[in-house]
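The values are calculated or read from the model by the stated rules, or taken from the named source; none is laboratory data. Model, not experiment: these values are computed from the prediction. For neighbour counting, all protein chains shown are included, and Cβ atoms are generated from backbone atoms with ideal geometry for every residue, glycine included.
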Amino acid sequence: MSHFASPMTILMVEDNALQRRVLEAQLQPLGHRLLVAANGEEALACLKAGGPGPDMVIMDVVMPSLDGFKACESIKADPATADIPVLVLTALSRDAKDRSYAAGADDFIRKPANTLLLQVRVQTHLRIRTLSLRTGPLAPARPKVVVASANAMVLTQVQNHFGKDQATYFEAQGESQTRAQILAHQPDLLVLDTDLSEGSAQALAMALHQSKELTNLPILLMHDPGELETWSRLQEPVADALEKPLVAPETRRRVALLARLAHLQKLVGQA
């Protein structure tokens, strides 16, 4: 992919052979090297094998020997592997998301994973890892965020969920107003609702991605359930996706992730 000078390495930790093949088919188009571990113990052995290790881990949690929660805790407790992003991918319901984040996971997706969502999350975490290795520790940054939605309540929700004092927000209702706000304020990221008062969210995302000046602008796509399938061929312009109705912890996590990406891109660009 264009964001990487060379392919990166993803460790897939999954005990079910069919699920491994599904995951491999979803990830192969990204062009990265894929490694496989059948359980948590094999994953930890792979990470401690020496030499260049994986750049990211995609972890199931229900596995024999050592489950994914404990494996994730071990990865994050070891200074040598703590900075490797871990994405938990599981069909386990109930409190699986909370338990994953409590174990130190960087991200969480329920099975069956939407291919576009999985691909954009993987690409974003790998981009952040690549940039982090070049910049070192991050200083706090207050991002500028354009929120584009036909629903004025969405801006209020994003502000309340991420924090009114944590960012500077600009509102837009349609495609033309969004373009104007981006040109006027040069935001760090765009929160783009598929519901706009005029124009097309897809056309806008493609146009921004094809613009030399704005191709790296992180876009967080807000969509209705089932709507993401219509974006299946548009993974490049989108850095993350968030299903409506918005839930505070997830909105905060998604905006924070892309704010971090934007800040790293700016630091590397200034270096």
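Summary table
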read-out: Checking Gln19 against (1) modelled with pLDDT under 95; (2) out of contact with any Phe, Trp or Tyr (no Cβ under 8 Å at 6 or more places or on another chain); (3) surrounded by 19 or more Cβ atoms within 10 Å (Cβ to Cβ); (4) outside any loop (DSSP other than H, G, I, E, B), the condition it does not meet; value: (3)
read-out: Ala113 vs. criteria more than 20 Å from Asp15 (Cα to Cα), under 19 Å from the mean Cα position of the chain (by Cα), of a type in the set (A, V, I, L, M, F, W, C) and not in a strand (DSSP E or B); value: no
read-out: Answer residue from the stretch 40-57, given it is surrounded by 19 or more Cβ atoms within 10 Å (Cβ to Cβ) and assigned to a loop (DSSP other than H, G, I, E, B) and is farthest from the chain's Cα centre (by Cα) among those; value: Pro54
read-out: Qualifying positions in the stretch 163-200 - within 26 Å of Glu229 (Cα to Cα), in contact (Cβ under 8 Å) with a residue 40 or more places away in the chain and more than 19 Å from the chain's Cα centre (by Cα); value: Asp195, Leu196, Ser197
read-out: Tally of residues being in a loop (DSSP other than H, G, I, E, B) and surrounded by fewer than 17 Cβ atoms within 10 Å (Cβ to Cβ) across the stretch 217-233; value: 5
read-out: Filter result for Leu87 (closer than 30 Å to Thr230 by Cα and assigned to a helix (DSSP H, G or I)); value: no
read-out: Candidates Ala201, Ala205 - the one that is among the hydrophobic types (A, V, I, L, M, F, W, C) and either over 21 Å from Ala256 (Cα atoms) or surrounded by 23 or more Cβ atoms within 10 Å (Cβ to Cβ) (or both); value: Ala201
read-out: Residues located in the stretch 61-80, provided they are modelled with pLDDT under 90 and of a type in the set (Ser, Thr, Tyr); value: Ser65
read-out: Matching residues, the stretch 1-25, being closer than 17 Å to Val86 by Cα, of a type outside the set (Asp, Glu) and in contact (Cβ under 8 Å) with a residue 24 or more places away in the chain; value: Met8, Thr9, Ile10, Leu11, Met12, Val13, Leu23
read-out: Out of Ile75, Ile109, sole residue that is in contact with a strand residue (DSSP E or B) (Cβ under 7 Å, 6 or more places away or on another chain), touching a residue at least 12 places away in the same chain (Cβ under 8 Å), within 23 Å of Val238 (Cβ to Cβ) and in the same structural domain as Leu27 (by TED's automatic domain parsing); value: Ile109
read-out: Total residues in the stretch 131-159, condition in contact (Cβ under 8 Å) with a residue 24 or more places away in the chain, under 14 Å from Ala256 (Cβ atoms) and surrounded by fewer than 14 Cβ atoms within 10 Å (Cβ to Cβ); value: 2
read-out: Filtered residue count, the stretch 156-198, keeping only those that are farther than 10 Å from Val146 by Cβ and in contact with a Phe, Trp or Tyr (Cβ under 6 Å, 6 or more places away or on another chain); value: 1
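This table checks each residue for (1) touching a helix residue (DSSP H, G or I) at 6+ places or on another chain (Cβ under 8 Å); (2) at pLDDT 95 or above; (3) not in a strand (DSSP E or B).
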position	(1), (2), (3)
Tyr169	yes, yes, no
Thr178	yes, yes, yes
Leu183	no, yes, yes
Pro187	yes, yes, yes
Leu192	yes, yes, no
Leu196	yes, yes, yes
Gly199	yes, yes, yes
Gln202	yes, no, yes
Met206	no, no, yes
